[in-house]
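The structure appears right after this line, and notes come after that.
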Amino acid sequence: MATLMQPETGIRPSESDELVVTELEPLLSKIFGTPPPVQFEFWDGSSFGRADVGRLRVRGPDALRRMIWSPDELGVARAYVAGEIDVSGNVAEILRALQQAISVDGGLRLRAATDAVRAIRVAGGVGAPPPAPPEEIVPHGVRHSLRRDRQAISHHYDVGNDFYELVLGPAMTYSCARFVTPDATLADAQTAKHELICRKLGLGAPKSDGARMRLLDVGCGWGSMAICAAVGFGAEVVGVTISTEQAAYARARVAELGIEDRVDIRLQDYREIDDGPFDAISSIGMAEHVGKKRMSVYFERLHELLRPGGRLLNHAISSVGGSRLGRRSFVYRYVFPDGELLDVGDTVRFMERAGFEVRDVENLREHYAETLCRWVSNLEEHWDLAVSLVGEARARVWLLYMSGSINGFDDGGLQLNQTLGVRLDGHGRSGMPRTRLDWG
């Protein structure tokens, strides 16, 4: 792939030429120990550290300037996105090795910053901070207003359906898959996830009047869940998204399958839906965009849109204690502006306050790590095509964010929970099966 460096010959320059490593070696030793678990290579050919896991090549002093002016993850991320740092090796493994090795406490961090300023003055000069890559965004307006949410969603999802096809594969599903067997393909695993959700929602059960079950799919993406529910479970589906490119793509898929009479894809916010009731609601990868302050309103609105006895399946990334992306984090600036993760306990609490009876919670954390590995593999395999579609900088954003997320799900810092709730019928009846056997 284009971002990876060619293997080095192993020939090191003479000591007189090792100006950069001479200045930076003490700093790197303080931060990562001696020797670092990843080899750092600099623009003059000098290097420091082991190459067991991989290599980071700093292509010029601009990368160091970014880190001086932004001595946090944002500075490093900007340098990588801008192509001022190259990576050779498995990005997830390199990130994991660096995270485990870092040993900068508060006092050492201050001394390290002082050393870094001195080192960069010798290595290339401090100078003015380079401008942020254009792929970076800071949304404006009232947080989680309709206008700002559309801006944030467009930044992430309206980058081109061809690019998403490349990364996500034929399933065209941007959420955690479910790998029932070790040899399952990504498409098989995404189908298994959608079918599980349909069964949890009871979509296969016939209605007493013979009508189709009516499903609302909030944040419908490119239509995969809606299509599965309509074709595989006979449901009538309304899918809503505020991404124009997703809506266009999903409508085209529905038309190609000839199921326009059963699937209605709308460019619409969940706050604008006014044609309930529905028999079931799926919310897949949507809650992360809502925010904790609006979560009560979100679940209350979905409760209102359900008929008595109707079920809600909330499929969302979570973290213990919850986490709101910092405005200076890489993921906030480049991937999910305004994104926020809830503790699964808070999700249950908000659902219950809205009137739902919570009947089941299932964690698919390991499945999401595997899903991300498949997406990264797709991106790396088709790197040159990805760059031609969205540019190298945005392709780098995706590689970095997905690789880091693999580690988050592997070590448990990130979770993926499916939380199933039901709106009781007013007499305490849920209509739920007695066991999970029907779900499979």
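The values are calculated or read from the model by the stated rules, or taken from the named source; none is laboratory data. Computed from a predicted structure; not experimentally measured. All Cβ positions, even for glycine, are placed from backbone atoms using ideal geometry, and neighbour counts span all protein chains on display. Protein only, heavy atoms only, side chains kept; ligands, DNA and RNA dropped before computing areas. Shrake-Rupley method; radii C 1.70, N 1.55, O 1.52, S 1.80 Å.
Let's test the formula: R0 of 60 Å, r as the Cβ-Cβ distance of Q100 and D209. What FRET efficiency results, to the nearest 0.05? Rounded to the nearest 0.05, the efficiency is 0.50. Oblate is the label for segment 154-222. Its Cα gyration tensor axes, ordered a ≥ b ≥ c, give a/c of at least 1.5 and b/c at or above a/b.
Between D44 and R328, residue separation times 0.36 nm minus the direct Cα-Cα distance comes to 99.2 nm. Dividing the mean sequence gap of close Cα pairs (under 8 Å, 6+ apart) by how many residues the chain holds gives a relative contact order of 15 percent. Look at [x] 24.2, 86; [y] 23.4, 81; [z] 22.9, 69: the one that is Rg and Dmax of the Cα atoms in Å derived from this structure is [x]. Taking every DSSP bridge with both residues inside the chain, close to 50 percent are antiparallel.
With a ≥ b ≥ c the root eigenvalues of the C-alpha gyration tensor of segment 222-322, is it rounded (a/c under 1.5), prolate (a/b larger than b/c) or oblate? Taking the square roots of the gyration eigenvalues as a ≥ b ≥ c, segment 222-322 is prolate.
Each of M295, G210, W375 was scored by the projection of its Cα onto the charge dipole of the chain, and the greatest displacement toward the positive side belongs to M295; charges sit on the C-beta of Lys, Arg, Asp and Glu. Classify segment 131-287 as rounded, prolate or oblate from the Cα gyration tensor: take a ≥ b ≥ c as the square roots of its eigenvalues, call it rounded if a/c is under 1.5, otherwise prolate when a/b beats b/c and oblate if not. Note, shape of segment 131-287 comes out oblate.
Label-to-label distance, D264 versus D384, with points set 7 angstrom from Cα along the beta-carbon direction: 4.7 nm. Extension gain for the segment D275 to A184, taken as residue separation times 0.36 nm less the Cα-Cα distance, is 28.9 nm to one decimal. The peptide list 368-380, 201-213, put in order of mean Cβ contacts within 10 Å with the highest first, becomes 368-380, 201-213.
Accessible area per residue for segment 265-378, computed on protein heavy atoms with a 1.4 Å probe, is 38 Å². Residue separation of E357 and E245 scaled by 0.36 nm, minus their Cα-Cα distance, works out to 36.8 nm of gained length. What percentage of the solvent-accessible surface of the chain, computed with a 1.4 Å probe over protein heavy atoms, is contributed by carbon and sulfur atoms? Heavy-atom surface of the chain belonging to carbon and sulfur, 1.4 Å probe: 51 percent. Placing pseudo-labels 7 Å out from each Cα toward the beta carbon at L19 and S145 gives an inter-label distance of 5.1 nm.
By a 1.4 Å probe calculation restricted to protein chains, E392 has an accessible surface near 70 Å², given to the nearest 10. The candidates W69, W222, arranged from most to least accessible area with a 1.4 Å probe in the full protein assembly, appear as W69, W222.
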